[in-house]
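Report on the following structure.
Since every read-out is calculated from the coordinates, none of them should be taken as a lab result. What you see is a predicted model, and the numbers here were worked out from it, not measured in a lab. Cβ placement follows ideal geometry from the backbone for every residue including glycine, while neighbour counts extend to all protein chains displayed.
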Amino acid sequence: MCIFCEIVNKKAPASIIYEDDLSLVFKNIRPSAPIHLLIIPKKHIGSIDHINPEDELLVGHLLYVAKKVASQENLLGYKLVVNVGKEGGQEIFHLHIHLLSGWNNARDKDII
Ligand code: AMP
Ligand code: ZN
């Protein structure tokens, strides 16, 4: 079982800030921003490269959850990042969206 599936199944600890039937949001243990959350589907999907047609709504739901959590946490703005594949910087092969926020000046952190 992968580490994020263990978090979904409450077999590994995480600082969970949002949960619904399809998704989970928790704090990144090694944050790259003042606020660094990970949004994951409860279903194990390896990466964006592993999504199937039946996952389209689920992936859209993850973006909706990003918006909901950002509003819940009163974030004024944020970045969403998805690493895809080892060459794309992905280290954990359970699909996740990084939600980064909380800088005084977001321009300092521009990557694209
Ligand atoms: P990625 O490089 O896109 O696969 O990102 C994986 C992210 O998961 C990294 O930023 C890690 O800091 C984070 N991470 C790894 N293990 C855990 C964990 N047990 N709880 C929270 N975040 C984690
Ligand atoms: Zn998994």
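Here are some notes:
- Any hit, the stretch 63-75, residues being within 9 Å of ligand 1 (Cβ to nearest atom) and exposed (fewer than 11 other Cβ atoms within 10 Å of the Cβ): no
- Among the residues of the stretch 17-49, the ones that are over 19 Å from residue 89 (Cα atoms) and aliphatic (A, V, I, L, M) come to 5 in all.
- Matching option when the condition is over 21 Å from residue 101 (Cα atoms) and surrounded by 13 or more Cβ atoms within 10 Å (Cβ to Cβ), among 26, 4: 4
- Residue 87 vs. criteria loosely packed, with under 13 Cβ neighbours inside 10 Å, within 15 Å of ligand 2 (Cβ to nearest atom) and free of Cβ contacts under 8 Å to residues at least 40 places away in the same chain: no
- From 58, 99, 75, 63, residue being in contact with a Phe, Trp or Tyr (Cβ under 7 Å, 6 or more places away or on another chain) and among the hydrophobic types (A, V, I, L, M, F, W, C): 99
- Sole residue being surrounded by 16 or more Cβ atoms within 10 Å (Cβ to Cβ) and away from ligand 2 (no atom under 16 Å from the Cβ), chosen from 35, 40, 45: 35
- Residues that are assigned to a loop (DSSP other than H, G, I, E, B), more than 9 Å from ligand 1 (Cβ to nearest atom) and farther than 17 Å from residue 26 by Cβ, drawn from the stretch 76-112: 76, 77, 85, 103, 104, 105, 110, 111, 112
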